[in-house]
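None of the figures in this text is laboratory data; all of them are computed from the coordinates on show. As the structure is a computational prediction, the values presented were derived from the model and not from experiment. Note that we place each Cβ from the backbone using ideal geometry, even for glycine, and neighbour counts take in every protein chain shown.
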Amino acid sequence: MVMVLCKAIFMRTTIDLPDALFRKTKANAALRGTSMKELIVAALEKDLNATPPKEAKRLTLPLIRMPKGKKLNLKDLDFDDLLA
C-alpha cells in the first residue's frame, strides 16, 4: 500500500491595514466564528473569482446618430446662440 501525503502550500505575507479596518475585520470574523485569515482569504477569493466588469464601449465623435450616409451640416449654426 502506497501512502501519499499532500500538504497545501501557503505563502506567508504581511499586509498593512488601517486600524479601523483591522478592528472591523477582527470583529466580523469573531461574529462569524472564523479567523481573520479565513475571512480575508474568502473575501479575496470571492473578489478574484467574480465576473470581470464589461469594458465600456468607446464612443467616437460625433455622438449624434445619423442615418447611414447622411451628415449633419453645422456650417450655418451660430454656436453663440446655443450658449445664450
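A convex hull fitted to the Cα coordinates of region 11-60 yields 150 cubic angstrom per residue. With respect to the chain, whose longest principal axis is taken over its alpha-carbon atoms, helix 19-32 is tilted by about 60°. Taking only Cα atoms, what is the 0 to 90° angle, nearest 10, from helix 36-49's long axis to the longest principal axis of the chain? That works out to roughly 40 degrees.
On full extension, the segment bounded by Asp19 and Arg32 gains 2.7 nm, given 0.36 nm per residue less the C-alpha separation. Relative to its Kirkwood radius, the Cα radius of gyration of the chain gives an Rg/Rh of 1.42. The GluC sites (Glu not before Pro) of region 24-84 that meet both conditions, a loop assignment by DSSP and at most 12 other Cβ atoms within 10 Å of the site Cβ, are Glu55.
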